[in-house]
Amino acid sequence: MTRPLRATHRPESPDSFDIGQYIDGIAGFLGGTANVIMQLSAPAVGYGVVESTVDSGKVMLHPIKRLRTTLTYLSVAMLGTDEDRAVYREAVNVSHRPVHSTESSPVRYNAFDPALQLWVAACLHWGAKDLYERMHGPMDETTADAFYRLGARLGTTLQMPEAMWPGDRRAFDEYWATNLAETSIDPTVRAYFFDLVDLRMLPRPAQLAFGRLHRFFVTGLLPQHLRDEMGLNWTERDERALGRILRALGAAASRLPGPVRVFPLNAYLLDMRIRRRLGLRLV
């Protein structure tokens, strides 16, 4: 992956910025699979997941546990304290230690590579902002800057040094455009993606009930380059329909009390803290 461009000035986030106001719990379900495809479209990340020997973290084997781990990570990164992030970072480290390429792997990868972690964090930040603005409209400049600065936590909750996070939104946009253009999806990883898109980790009735709608949201929330890599069709009519749905969901979410709007991320953060006190495994 290309290293981030550096800016000469790094705007600080206001101490009073409340990230919870800009988090919709529903977004994690709507945009989750599309974001996984973004992350894993970097071949080193994709093969790190496809070839992983850590069965407990495989979504096709343990979809509920994988969902809990992912949403807990997001909740800790964005809503947790520095202590929460330090504790969860070490728990993730334990799971990541066996994840590295072998002599037979088609690409070299290591789960501790900070450049790959930067890409994962960038996908999460880009997806979160894109979905928020589709649901609620554009952020003002001050809010967008503060939201961006807090996005670094998505990488630093792993091993990414904060200095690797592009210095401002313009630098991030350049990093994103350059690295997105370098992504590619080969047949092995594409087959894994379609298992996710078609919900093949769930019982057959759930696949039949929700698979088509899930594919619609996944396709609509992918950048066009990755739609092309996946061979997915998307029309202007589809885009208009998705826009209407997301704006309606955003309007409904805006009327909810804060704790309800952020759910289930706040619940997963509480669950992590309880599990820690009880000495239970966090990841």
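The values are calculated or read from the model by the stated rules, or taken from the named source; none is laboratory data. Note that the coordinates shown come from a computational prediction; the quantities given were computed from them, not determined experimentally. Please note: Cβ atoms are built from the backbone with ideal geometry, for glycine as well, and neighbour counts cover all protein chains shown. When the accessible area is computed, the model is the full protein with side chains, heavy atoms only, and any ligands, DNA or RNA have been set aside. Shrake-Rupley method; radii C 1.70, N 1.55, O 1.52, S 1.80 Å.
The table for this structure:
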read-out	value
Inverse of mean 1/r across different Cα pairs in segment 210-283, Kirkwood, Å	15.4
Candidates Thr178, Thr156, Thr188, ranked by Gaussian network fluctuation over the chain, Cα under 10 Å, top entry	Thr188
Cβ-defined net charge surrounding Glu83, 13 Å radius [Lys, Arg +1; Asp, Glu -1]	+2
Rounded to the nearest 10 Å², the accessible area of Val283 at probe 1.4 Å	20
The chain: relative contact order as a whole-number percent, Cα under 8 Å and 6+ apart	34
Average accessible area per residue (Å²) across segment 32-93 - probe 1.4 Å, nucleic acids and ligands excluded	37
Accessible area of the chain belonging to carbon and sulfur atoms, whole % at 1.4 Å probe	57
Cα principal axis extents for the chain, largest first, Å	49, 44, 43
Given charges at Cβ of Lys, Arg, Asp, Glu: segment 87-220 dipole, positive-most of Ala115, Met139, Ala91	Ala91
Two-decimal log10 I(q)/I(0) for segment 172-248, as the Debye equation yields it once each C-alpha is a single scatterer, q = 0.14 Å⁻¹	-0.56
Peptide ranges 39-47, 259-267 listed from the most packed, as the mean C-beta count within 10 angstrom indicates	39-47, 259-267
D (Stokes-Einstein, µm²/s), Kirkwood Cα radius, segment 81-135, 1.567 mPa s at 4 °C	96
Cα-based shape type of segment 155-283, given that a ≥ b ≥ c are square roots of the gyration tensor eigenvalues and the cut on a/c is 1.5	rounded
